[in-house]
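I have placed the structure first, in the form of structure tokens, so that the comments after it can refer back to it.
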Amino acid sequence: MKKNLKYNLIWLALIVIGYVVLYVAYSAGMVNLFLDNILVQIGINVILAVGLNLIIGFSGQFSLGHAGFMAIGAYAAALISMSMPTFGGFFLGMAVGVILAGIVAVAVGIPTLRLSGDYLAIATLGVAEIIRILLINFKEITNGPSGLFGIEPFVDWQMVYGFMAITTLFIVNYIRSGAGRATMAIREDEIAAEAMGVNTTKYKVMAFTFGAMTASIAGSLYAGYLQSIAPKDFAFTKSVDILILVVLGGIGSVTGTFIAAILLGIINMYLQDFGTLRMIIYALALIILMIFKPGGLLGTKELSVKKILDKFKKGDDQNASVGN
């Protein structure tokens, strides 16, 4: 308990430092509208990728349905906030989206998580496509393929940063909990975990549900910031974009997910001036990165504050022994 408390306090301190740095940059006028958009998109991508990493990297399930759960959160927040144009209405919409995404994830997860590998990927992709097609066909509610416009701009960088911190801390603490260790045991060897008494279906569904809920939160923030959404925003390619972040950062590394989201956000920022060549250059950059780092930027490793402090302490001890 004390170890977890110390761990959380360290990362809370880092979160506060990050917030202060961004706040100073915004207050000093160093962040324009373009850079603000990049920073917000990075924050939303971190939320999406950390949730998907829980499913893929820590529970060992291959899901391609993340865009569908993101769409649930986006439309729930948009529809309710448009009918109740207040912060209370927006947060109510976000809560409804999280609950709906959780219900859908449980309903889908119980039968589909008995599958594995490519079969599970196809099943989750089918679920995401069903959600997108329903959004297109329920024209009276969702305005069909045209989408929703005029969503109140309730979301700013501070809200995105706050939810990024909350969702990341939740996922990290879940991974370090008993349930998280059981989930990782399933990833390593599902048969052995089941033989040791681990309820594999329960923990796989839990990881899948938590990942879906974080995607819903990201979708709500996406809708509230861009002020317009359409079903095409949540197509198969969106799930692939999130998957790229997870693979590039390292499957099973939360820190790697952060680094990948920031790196790709910066690459996208500098490629804006290249027009139609932007996606070609972006794809080439990803290919080069994956050639030299096939396991992702960090693999399954984490940048641990404790390890860094231990290295500094070890260096001080060695210097002291040399001096003596």
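Of everything in the range 212-239 that's in contact with a strand residue (DSSP E or B) (Cβ under 7 Å, 6 or more places away or on another chain) and outside any helix (DSSP H, G or I), which residue is most open to solvent (accessible area, probe 1.4 Å)?
Per the stated criteria, the residue is S228.
Six or more apart or on different chains, Cβ atoms under 9 Å: show the pairs whose first residue is in the range 147-163 and among the small types (G, A, S) and whose second is part of a loop (DSSP other than H, G, I, E, B) and open to solvent by 30 Å² or more (accessible area, probe 1.4 Å).
G150/Q227
Just one of the numbered conditions (1) assigned to a helix (DSSP H, G or I); (2) surrounded by fewer than 17 Cβ atoms within 10 Å (Cβ to Cβ) is not true of P153; which one?
Among (1) assigned to a helix (DSSP H, G or I); (2) surrounded by fewer than 17 Cβ atoms within 10 Å (Cβ to Cβ), P153 violates only (1).
Only one of (1) among the aromatic types (F, W, Y); (2) surrounded by fewer than 13 Cβ atoms within 10 Å (Cβ to Cβ); (3) within 15 Å of I47 (Cα to Cα) is not met by F292, so which one is it?
Going through (1) among the aromatic types (F, W, Y); (2) surrounded by fewer than 13 Cβ atoms within 10 Å (Cβ to Cβ); (3) within 15 Å of I47 (Cα to Cα) one by one, F292 breaks only (3).
Sort out which residues of the range 54-72 are part of a loop (DSSP other than H, G, I, E, B) and either among the hydroxyl-bearing types (S, T, Y) or more than 14 Å from the chain's Cα centre (by Cα) (or both), and write them in order of number.
Let us first name the residues in the range 54-72 that are part of a loop (DSSP other than H, G, I, E, B), namely 59-65.
Within the range 54-72, S59, G60, Q61, F62, S63 meet the criteria.
For the range 1-24, give me the residue count where each residue is modelled with pLDDT of 90 or more and surrounded by 14 or more Cβ atoms within 10 Å (Cβ to Cβ).
Of the residues in that region, 2 qualify.
Looking at this structure, is E140 out of contact with any Phe, Trp or Tyr (no Cβ under 8 Å at 6 or more places or on another chain), of a type in the set (D, E, K, R) and under 29 Å from T86 (Cβ atoms)? Give the steps one after another, and end with the answer.
On the way: out of contact with any Phe, Trp or Tyr (no Cβ under 8 Å at 6 or more places or on another chain): yes; of a type in the set (D, E, K, R): yes; under 29 Å from T86 (Cβ atoms): yes.
Considered against the rule, which asks whether it is out of contact with any Phe, Trp or Tyr (no Cβ under 8 Å at 6 or more places or on another chain), of a type in the set (D, E, K, R) and under 29 Å from T86 (Cβ atoms), E140 comes out as yes.
The values are calculated or read from the model by the stated rules, or taken from the named source; none is laboratory data. Fair warning: this is a prediction, and the values are worked out from it, not measured in the lab. Don't worry about glycine lacking a Cβ; one is built from the backbone with ideal geometry, like all the others, and counts go over all protein chains shown. With ligands, DNA and RNA removed, areas are computed over all heavy atoms of the protein, side chains included. Shrake-Rupley method; radii C 1.70, N 1.55, O 1.52, S 1.80 Å.
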